[in-house]
Amino acid sequence: MLLEKERHPYEIYTTMLERRIDQHTKVQMGSLYYAVDQLAASHDIEPARTVLNPRGQEKTVYRITETGKMLFHELFMARMNEVGPVYHPMLGALGFARFIDPQELVSMLESRIREQEEVVRHWEEVYEEHIPDVPRAVLHMMSGMHEHARTELRWLRRLHADAAAGRLSDIGAPLDLLED
């Protein structure tokens, strides 16, 4: 955020929420202020100026330093090269689906599908809303979240269809993956 412009920590926080960064990264106000303090102590960011808030209290606006830019580059490249497993709470549970009442599972999946449809709509709206004011890289992040949400929805619908047909305990029958 400080690469874009000088900001106060609260402005960093609200910008992260506006861009929905909290959907894929833990964003907590206390942690953000702690991170700002740590980055300032290590001279990766520095105070740019002090301004008064509407209540007359001083707040510090920060800017990134050259060492901070180097740290950013290092962290960015590490994150872009990071490969890790996908953790989805339902994946571990599915192996035990045969022990759950089928109608209860079908009902739960119908609810999850409705929720996921809202998530898909949400990411469509976030993307459209931010086209005029964020860099294309951020649009790629938002469109990636939208595509993941759509993929999750297709998967939930396929799972629901199998559950509704009573096929979750079938053995030796491949999934109809191409029918999406």
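The values are calculated or read from the model by the stated rules, or taken from the named source; none is laboratory data. Quick caveat: nothing in here was measured; it's all calculated off a predicted structure. A quick note on method: Cβ atoms are made from the backbone with ideal geometry, for glycine too, and the neighbour counts reach across all protein chains shown. Surface areas here come from the heavy atoms of the whole protein model, side chains and all, with no ligands, DNA or RNA. Shrake-Rupley method; radii C 1.70, N 1.55, O 1.52, S 1.80 Å.
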Checklist entry - Which residue, chosen from Leu175, Gly30, Val83, occupies the Cα position most advanced towards the positive end of the dipole of the chain, where the dipole is computed from +1 (Lys, Arg) and -1 (Asp, Glu) charges on Cβ about the Cα centre? => result Gly30
Checklist entry - Can you pull the Kirkwood radius for the range 32-124, inverse mean 1/r over Cα pairs, to one decimal in Å? => result 18.6
Item to check | Per residue solvent-accessible surface (Å²) - the range 78-172, probe of 1.4 Å | outcome: 71
Item to check | Residues whose placed amide H lies under 5 Å from that of Arg63, excluding near-sequence neighbours | outcome: Glu46, Ala48
Checklist outcome for this item: Classified through the alpha carbon gyration tensor (a ≥ b ≥ c as square roots of its eigenvalues; rounded if a/c is under 1.5, else prolate when a/b is larger than b/c, else oblate), the range 117-180 comes out prolate
Checklist outcome for this item: Once phi for every residue in the range 82-87 is put through the Karplus expression 6.51 cos²θ - 1.76 cosθ + 1.60 (θ = phi - 60°), the whole-Hz ³J(HN,Hα) values, with Gly and Pro written as x, are 6, 10, x, x, 8, 9
Checklist outcome for this item: Here the relative contact order (percent) of the chain, from C-alpha pairs under 8 Å and at least 6 apart, is 17
Checklist entry - Rg (Å, one decimal) plus Dmax (Å, integer) for the alpha carbons of the chain? => result 22.2, 70
Checklist entry - What is the gain in length, in nm to one decimal, between Ile131 and Phe96 on full extension, counting 0.36 nm per residue of separation less the C-alpha to C-alpha distance? => result 8.3 nm
Next on the checklist: In whole percent, and with a 1.4 Å probe on the protein chains, what portion of the accessible area of the chain is carbon and sulfur?
Outcome noted: 55
Checklist entry - Summing -39500 (n - 2.57) over the DSSP H runs of n ≥ 4 in the chain and dividing by its residue number, what mean residue ellipticity at 222 nm do you reach, to the nearest 500 deg cm²/dmol? => result -19000 deg cm²/dmol
Checklist entry - Based on the Cα atoms of the range 70-156, what semi-axes does the equivalent ellipsoid have, where each is the square root of 5 times one gyration tensor eigenvalue, given in whole Å with the largest first? => result 33, 20, 7
Checklist entry - For Val86 and Asp176, FRET efficiency with R0 = 22 Å and r from the beta-carbon atoms, rounded to 0.05? => result 0.50
